[in-house]
Amino acid sequence: MRPFNTQILRSLSAIRTFTVFGETRYTRIYYGDLRCRRFLHTTKVNPAASVLSANEIFKRKSLQDYLRKLESEYVDCLRSVDLNSEDLKWKRNRITHLTPLIDCVKKLAQKQKEYEEIQALLKDDDLDIRKLAENEKIACQDSVQDLRKTILSLLIPAEKADDSDLVLEVTAGVGGQEAMLFTAEMFDMYRRFANYQGWDFETLEYNPSDTGGLRHGSAAVSGPQSYKTMKFEAGVHRVQRVPKTEKQGRIHTSTMTVAVLPQPTEITLTINAKDLKIETKRASGAGGQHVNTTDSAVRIVHIPTGVVAECQQERSQLKNKEKAMKMLRAKLYGLRLEEESSKRHQARKIQIGTKGRSEKIRTYNFVQDRITDHRIGKTQHDVRGFMLGEDLLEDMSRSLKQFSDQEVLMDILGEDGADE
């Protein structure tokens, strides 16, 4: 059970739709409402060890029942195709979606039968046969493990926006200058992480503070699986440390927020020019005489929705307009996805988090040299190493994805979380 009011959560939620083997499913995901940013979504802390192995999941009766159900449906579809039924097209699509899974299930059954035969050979009186059987046993176990992982991966549906690039936004929260300094460090961490992954990282907006921190910044990130990897970074990040300006050695707590917006293509989202209000103004901040003499900053308002995007990063008004439009498209696309999913009517419990702006997801404690992700209860040490944006951050992202996939799978199997 969740330790908070479910009525509040439902008011801060949307329905996400995805497809499993051609069949539409729905699930509720929770967002921090932009109109009540003080709300903190305190998710249940789950031990990282609760991520089950493929073998553990395969021991569950619910999985075996579900696979038998899909096999039965597959056979039924094949028979219907032979009979030229009225819903021929739909059942052909189901066959196309189910075939890779059913093939793997059949291969797994064959390997498991081989394994039983090998077990019998291990009791043979001939020493050479027993040695040969031992080698075959190891290879068979590896094949069984690989097939089980493949079957589970085929059961996990992909989100609609998983193949998208993204727009990253960071904003300083509570904590004044210290929050801004932390925001700048986080922006640099994500820049290095993009470089580590081989993605492109283009700064769209960078609004620095007087002390070298960052009030607000945004960037376009593009590359293979960039959004799929980065989407779990969205939410409130909290830092606990002694600021450089603190003379009495007291620990301060500051926050910053991260938004990760899927970047649409021209095909997925079209914006009508007459729906836009474009304003230009003189840029503020650093830039010398150019700042005071050129109307290079651009602010774009989407009139029907009131969504605003602005950019003053470049000296060229044209380039600023292009970057502002990129941000605007990402924001509108995010709204569209939420609106489409909100039409659905089935909810599910989700512990991995909502990728919403108001959810406290992670704490960076410099004094204890640890990073704790509150959604899965995973703690890592070496804060400075983590903020290099390399293997430690990648490991955290991998854990979040594994837990998220498991939650989706448990929902498909009709189970409430990982505990049974």
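The values are calculated or read from the model by the stated rules, or taken from the named source; none is laboratory data. Worth saying up front: this structure is predicted, and the values here are computed from it rather than measured. When we count neighbours, we look across all protein chains shown, and the Cβ atoms used for this are built from the backbone with ideal geometry, even at glycine. These accessible areas exclude ligands, DNA and RNA; they are computed on the full protein's heavy atoms, side chains included. Shrake-Rupley method; radii C 1.70, N 1.55, O 1.52, S 1.80 Å.
Summary table
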| item | result |
| --- | --- |
| Restricting region 125-158 to residues that are β-branched (V, I, T) and open to solvent by less than 60 Å² (accessible area, probe 1.4 Å), the residue that is farthest from N55 (Cα to Cα) | I156 |
| Top-ranked residue of region 268-284 - restricted to ones that are farther than 15 Å from N320 by Cα and among the hydroxyl-bearing types (S, T, Y), ranked as modelled with the lowest pLDDT | T268 |
| Candidate set from region 385-417 (those that are open to solvent by 40 Å² or more (accessible area, probe 1.4 Å) and touching a strand residue (DSSP E or B) at 6+ places or on another chain (Cβ under 9 Å)); member that is farthest from F193 (Cα to Cα) | D411 |
| Residue in region 144-151 that is acidic (D, E) and either within 32 Å of the chain's Cα centre (by Cα) or assigned to a helix (DSSP H, G or I) (or both) present | yes |
| Within region 142-160, tally of residues that are modelled with pLDDT of 90 or more and farther than 23 Å from Y66 by Cα | 1 |
| Close pairs from region 233-256: first within 13 Å of T183 (Cβ to Cβ) and assigned by the TED database to the domain that holds M396, partner among the acidic types (D, E) and outside any loop (DSSP other than H, G, I, E, B), Cβ under 7 Å, at least 6 apart | S254/E178 |
| Qualifying positions in region 360-382 - under 21 Å from V51 (Cβ atoms) and among the hydroxyl-bearing types (S, T, Y) | T363, T372, T379 |
| Members of region 108-146 that are in contact with a helix residue (DSSP H, G or I) (Cβ under 6 Å, 6 or more places away or on another chain) and touching a residue at least 40 places away in the same chain (Cβ under 8 Å) | L108 |
| Among (1) more than 25 Å from L63 (Cβ to Cβ); (2) of a type in the set (A, V, I, L, M); (3) buried (at least 20 other Cβ atoms within 10 Å of the Cβ) - the single one L122 does not satisfy | (3) |
| Within region 293-372, strands (runs of 3 or more DSSP E) holding 3 or more residues that are more than 26 Å from G389 (Cβ to Cβ) and at pLDDT 85 or above | 297-302, 307-311 |
| Output for region 169-226, where each listed residue is within 26 Å of A297 (Cα to Cα), aliphatic (A, V, I, L, M) and in a helix (DSSP H, G or I) | A179, M180, L181, A184, M186 |
